[in-house]
Amino acid sequence: MSDLIAGAQSRRERVSARVPRAIGFAFAVSLAIASFAHAGDGMQGLDEQIQEIKSEVLAIASELGQLEEKLLYPSDTQVAVFVSIAPDDAVELDSVRIQIDGEPVAHHIYSFKELAALRKGGVQRIYTGNLPTGEHQIEVSMAGTLPGGARFEETESFPFEKAVEPKMVGLTLAGHSVGGAQIQLGGW
């Protein structure tokens, strides 16, 4: 019986020795979980800081773009040329070339997506540049396919006047006119 009592006491001593270790282990695990949760907050804070920096960089880039445009194209000499397709026109536009005062200033070959956007009423800014005030000549050439499948290339010239303020020139391209394609000039 004394052996039985001694065995029970030794088991009790071993268990009682393990209890503080188990409590210490549980405390360490709870500290680790708390520190991971706190580190997660720090990571979330870091992600928010990165997003804030990205937003600031994008805002600065936009500002720089605007300043660059003002520097390169001062408003008193600026001219912009826009291209659109006449509403409900089925012309398959391949390319547009633009010359101002005999100098080539723009050439664009259209993708299917760009052509689809123009058909839906989109407008493309094809050229932005500087011109002195006074009379100028713009020559527009377009090439493509008419609804019947016939290929066309049309070139037209238009005079326009550049005043001190910025000038916006709108070109409307149409392929359904009598005798083929036509180009219309308008101010915007």
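Please treat every number below as a calculation from the coordinates, not as lab data. All of these numbers come straight from a predicted model, not from anything done at the bench. Methodologically, a virtual Cβ is constructed for each residue, glycine included, from the backbone with ideal geometry; neighbour enumeration extends over all protein chains shown.
With a sphere of radius 13 Å drawn around the Cβ of SER95, what net charge do the other residues whose Cβ falls strictly inside it have (Lys, Arg +1; Asp, Glu -1)? Numbers along the way, then the final one.
Numbers: positive: ARG97, ARG151; negative: GLU92, ASP94, GLU114, GLU153, GLU154.
Cβ neighbours under 13 Å give a net charge of -3.
Around THR155, with a cut-off of 13 angstrom between Cβ atoms, what is the net charge of the other residues, counting Lys and Arg +1 and Asp and Glu -1? Provide the component values of the computation, followed by the final result.
On the way: positive: ARG97; negative: GLU139, GLU153, GLU154, GLU156.
Within the 13 Å Cβ shell, the charges total -3.
What distance in nm separates the simple spin-label points at GLU165 and GLN184, each placed 7 Å from Cα in the Cβ direction?
2.3
Using modelled amide H (1.01 Å from N, peptide plane; none on Pro or chain starts), what sits under 5 Å from the amide H of VAL105, excluding residues fewer than 5 places away?
ILE98, GLN99, ILE100
Collect residues whose amide H, placed 1.01 Å from N in the peptide plane, falls under 5 Å from the amide H of VAL123; neighbours closer than 5 in sequence don't count.
none
If each Cα of the range 78-187 is one equal point scatterer, what is log10 of I(q)/I(0) from the Debye formula at q = 0.13, 0.17, 0.24 Å⁻¹?
-0.46, -0.76, -1.39
Give me the extension gain from HIS107 to ARG151: residue separation times 0.36 nm, minus the current Cα-Cα distance, reported in nm with one decimal.
On the way: separation 44, 0.36 × 44 = 15.84 nm, distance 1.87 nm.
The span from HIS107 to ARG151 would gain 14.0 nm if fully extended.
Between SER141 and GLN66, take the C-beta separation as r, use R0 = 35 Å, and let me know the FRET efficiency to the nearest 0.05. Walk me through the intermediate numbers first.
Working: r = 32 Å, r/R0 = 0.91.
So, using R0 = 35 Å, E works out to roughly 0.65.
I need the phi-derived Karplus couplings for the range 98-109: 6.51 cos²θ - 1.76 cosθ + 1.60, θ = phi - 60°, integer Hz, Gly and Pro marked x.
After applying 6.51 cos²θ - 1.76 cosθ + 1.60, I find 10, 10, 10, 6, x, 9, x, 10, 7, 8, 9, 9 Hz.
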